[in-house]
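What follows is a set of notes on a single structure, which appears directly below.
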Amino acid sequence: MSAVTKSAAPSRRGRPGRGRLGWNLLGLLVFVAAGFPVYWMLNTAFKPAKDAIDPDPHFFPGTFTLENFSRAFDVADFWGPVGRSLVVSLAVVLIGIVVGMLAALAISRFAFRGRKIVIVGILAVQMVPLVAMIIPVFLLLNDLGQYDRLTGLIITYLTFILPFTVWTLRGFIVNIPRELEEAAMVDGCTRTGAFVRVVFPLLAPGMVATSVYGFIQAWNEYLYALMLMSQQNQTATVWLGNFTTKHGTEYAPMMAGATMMAVPIVILFLLVQRKMAAGLTAGAVKG
């Protein structure tokens, strides 16, 4: 009986190892599935244009070239759309984070009539498909004189990025104990002073994480930028459409343009990666 028990013990200890191996393989599969499109974009951007349409694709480029990037600059104005995208994205993030923080603070810390309705409304707005609002938004901006203007595009982006910001920041604020604010107010701080000295430093990582996601949403948005802006005022995502003409699609220069478009996002992640990781962790832990 003891021999059977001893022989069974190693098998029990071996199960967690096999389970961990399975999760590692699953994680590796997810990483490959998510990372392969990025690799293929870079692969196509640095290979000759004729190799990009080769019916027998090669996973590793045999020849590296920068001609695609030169072609991307020649097709159409690059810095104009990129500059407009930066202006729109930064404005949306700044307005969204300020208004969203105040709204999230009010929802999280104060009890008022209609509070639950506001929360349900924030969730309901995020469930509406963006394509369903194209015609109403177009008509409204046209009546307000904001069609084909960056201010109109900023207002439009705020309609779906601001609810996301409010809901996300609310989760971070709820996880900050009220007792910290109360202790600061007992020591002589006003409610505003308690927020600035106690809540805001704890909320900063969450604000960074929310700002990054809001920036990515505004930077990558295509549908509204295509429908609400003319070719003279197009943003970076719409600019990529210039590589598709009646003669076909220039895939290699298009991937070069997409690579250049990804650079601001990569730089932003490198600058705030520590704060963002701290914010994601803080938002996942109660108290």
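Restricting attention to the stretch 126-142, which residues are within 18 Å of the chain's Cα centre (by Cα) and either free of Cβ contacts under 8 Å to residues at least 40 places away in the same chain or outside the structural domain of Val166 (by the TED database) (or both)? Full working, then the answer.
First pass over the stretch 126-142, keeping only residues within 18 Å of the chain's Cα centre (by Cα): 126-127, 129-130.
Met127, Pro129, listed by residue number.
Can you find a residue in the stretch 164-176 that is in a helix (DSSP H, G or I), free of Cβ contacts under 8 Å to residues at least 40 places away in the same chain and more than 21 Å from the chain's Cα centre (by Cα)? For the stretch 164-176, residues in a helix (DSSP H, G or I), free of Cβ contacts under 8 Å to residues at least 40 places away in the same chain and more than 21 Å from the chain's Cα centre (by Cα): absent.
One line per residue, one yes/no per condition, for (1) within 30 Å of Ala209 (Cα to Cα); (2) touching a residue at least 12 places away in the same chain (Cβ under 8 Å); (3) touching a strand residue (DSSP E or B) at 6+ places or on another chain (Cβ under 6 Å); (4) not in a loop (DSSP other than H, G, I, E, B):
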{"residue": "Phe60", "(1), (2), (3), (4)": "no, yes, no, no"}
{"residue": "Thr65", "(1), (2), (3), (4)": "no, yes, no, no"}
{"residue": "Phe69", "(1), (2), (3), (4)": "no, yes, no, yes"}
{"residue": "Asp74", "(1), (2), (3), (4)": "no, no, no, yes"}
{"residue": "Ser85", "(1), (2), (3), (4)": "yes, yes, no, yes"}
{"residue": "Gly96", "(1), (2), (3), (4)": "yes, yes, no, yes"}
{"residue": "Val99", "(1), (2), (3), (4)": "yes, yes, no, yes"}
{"residue": "Ile107", "(1), (2), (3), (4)": "yes, yes, no, yes"}
{"residue": "Val120", "(1), (2), (3), (4)": "yes, no, no, yes"}
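Does Met260 count as among the hydrophobic types (A, V, I, L, M, F, W, C), open to solvent by 20 Å² or more (accessible area, probe 1.4 Å), in contact (Cβ under 8 Å) with a residue 12 or more places away in the chain and not assigned by the TED database to the domain that holds Pro61? Against the criterion (among the hydrophobic types (A, V, I, L, M, F, W, C), open to solvent by 20 Å² or more (accessible area, probe 1.4 Å), in contact (Cβ under 8 Å) with a residue 12 or more places away in the chain and not assigned by the TED database to the domain that holds Pro61), Met260 qualifies.
Across the stretch 258-287, what is the total count of residues that are over 24 Å from Ala76 (Cβ atoms), at pLDDT 55 or above and among the hydrophobic types (A, V, I, L, M, F, W, C)?
Number of matching residues: 8.
Here Val238 meets each of (1) over 24 Å from Thr65 (Cβ atoms); (2) modelled with pLDDT of 85 or more; (3) open to solvent by 40 Å² or more (accessible area, probe 1.4 Å) with one exception, condition (3).
The values are calculated or read from the model by the stated rules, or taken from the named source; none is laboratory data. Remember, predicted model here, so these are calculated numbers, not experimental data. Cβ coordinates were reconstructed from backbone atoms using ideal geometry, including for glycine residues, and neighbour counts include every protein chain displayed. In case anyone asks, the SASA skips ligands and DNA or RNA and just uses the protein heavy atoms, side chains included. Shrake-Rupley method; radii C 1.70, N 1.55, O 1.52, S 1.80 Å.
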